[in-house]
Every structure is written in structure tokens, then in C-alpha cells.
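The values are calculated or read from the model by the stated rules, or taken from the named source; none is laboratory data. Given the structure is predicted, the values throughout are model-derived calculations rather than measurements. Neighbour counts run over all protein chains shown; Cβ positions are idealised from the backbone, glycine included.
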């Protein structure tokens, strides 16, 4: 039995948007259950000035303190975890390769020279999948990201999916989170970061979790 009313928000990943393949997939599957998810543009049309703080503020405006289920992909998964840690009205989370420890992941991927160059030049070109081209991103993105905990603590039930071959966000990060949170279940999949080759597998577990609120046994 689905909760009534069921509000679902899908939070896309970094340099992505509401039209991503996973966003469209979940929108179609949820529609088959009679649920129309909200899929906001987390950059609000201004990717250059994107920050974690700005995305959290947008979610506060959209959710308006009312119960909701959050589905988040990569950075959207980390954002969902952050938001749930501050907002107990979130009822459950589905996290797809959540980018836990986001700031340090970026530090490592950039390396000291590119990080210093970005800080010095104020902006850095980033390939944006929605526009299929490089878009500038302000260094405030990193400065702001450093303020947030790498592994947000929340008490709501959470279903995590992570690819064993993820080269962007190590599955070990989700393993650490699930080991420290009895309210979380991690399903490791034979996939990479995008998880687009296992969408039907994702939906089988997601449908049950959304419908019942019950996590699979460990």
C-alpha cells in the first residue's frame, strides 16, 4: 500500500539535470504507480554559481517542511543525505552511488595544481551533460562544500545502490556508511558509477521500498 499522499523528489547528479536518463526512468516507473515525482533543476539555471548551500535552500523551499521520499544520484544522493540529517520529516531515502565525502573526492580528483589554478582563476570549465559542453563553475562551490560533513548522519530508512566498479565514488564509502547506520541497506551491483545498465534491478528493490517503507534484510 502506497503512503497517501506520496511525495517523491528526484535529485540529479553533478553537472546533470532533470532530463537525465535515470531521472526519466524513475519518473516513468513511479508514474506506473500513480506517483508524479518532482525533479527540480538543482542549479536553478545558474550552474556557474552552484553550491551545496544553494541546493539545500532550494529543497527547503520545495519540500516546505512536509513529508517526502528523496531519490538522489551521486551528488544528489549526498545532498539527500544532508537534507535528511537536518529534516526529520523526510520519510525515506533511495541513494544511487551517493557521493559521500564529496569535498575530499574532488580534492583528490583535481590534484593540487588544478585546485590551485581554480582558486586563483575563480572559475573552472566543467563539462555539463545537459548542455554537452563545458560550463564555468565558480570556486565558491568548493569553498562551500568544505563546510559539510563527509558522512551525514540521519535516522530515516535508506536504500543504497552502488556499483562495485564505480571509478568516481568508491563503493567503500557506501559500505562505511551502511556499516555505521543500521537504518541503511546497501545493495552492491555489478556496475559502474552511472548504474544505467542495471536500472531494472534498481527499480525492483525501489518499488518495494517505496510501497512498504520496509528495507530488505541484511
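Quick rundown of the values:
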quantity: Verdict on residue 166 being in a strand (DSSP E or B) and either modelled with pLDDT of 95 or more or more than 19 Å from residue 217 (Cα to Cα) (or both); calculated: no
quantity: Single residue of the stretch 75-112 satisfying the filter (part of a loop (DSSP other than H, G, I, E, B) and within 21 Å of residue 141 (Cβ to Cβ)) that is farthest from the chain's Cα centre (by Cα); calculated: 101
quantity: The stretch 21-53: number of residues that are part of a helix (DSSP H, G or I), within 22 Å of residue 136 (Cβ to Cβ) and in contact with a helix residue (DSSP H, G or I) (Cβ under 8 Å, 6 or more places away or on another chain); calculated: 3
quantity: Residue among 216, 125 that alone is in a loop (DSSP other than H, G, I, E, B) and loosely packed, with under 13 Cβ neighbours inside 10 Å; calculated: 216
quantity: Single match in 84, 97 (criterion: at negative phi and surrounded by 18 or more Cβ atoms within 10 Å (Cβ to Cβ)); calculated: 84
quantity: Tally of residues being surrounded by 20 or more Cβ atoms within 10 Å (Cβ to Cβ) and over 17 Å from residue 85 (Cα atoms) across the stretch 148-170; calculated: 5
quantity: Matching residues in the stretch 181-203 - criterion: being exposed (fewer than 13 other Cβ atoms within 10 Å of the Cβ) and either touching a strand residue (DSSP E or B) at 6+ places or on another chain (Cβ under 8 Å) or over 19 Å from residue 167 (Cβ atoms) (or both); calculated: 182, 190, 200
quantity: Pair list, Cβ < 8 Å and 6+ apart or interchain, from the stretch 37-49 residues that are in contact (Cβ under 8 Å) with a residue 40 or more places away in the chain to residues that are part of a loop (DSSP other than H, G, I, E, B); calculated: 47/15
quantity: Failed criterion for residue 178 (all others in (1) crowded, with 19+ Cβ neighbours inside 10 Å; (2) on the phi < 0 side of the Ramachandran plot; (3) in contact (Cβ under 8 Å) with a residue 24 or more places away in the chain hold); calculated: (3)
quantity: Of all residues making up the stretch 59-74, the number that are in contact with a strand residue (DSSP E or B) (Cβ under 8 Å, 6 or more places away or on another chain) and part of a helix (DSSP H, G or I); calculated: 3
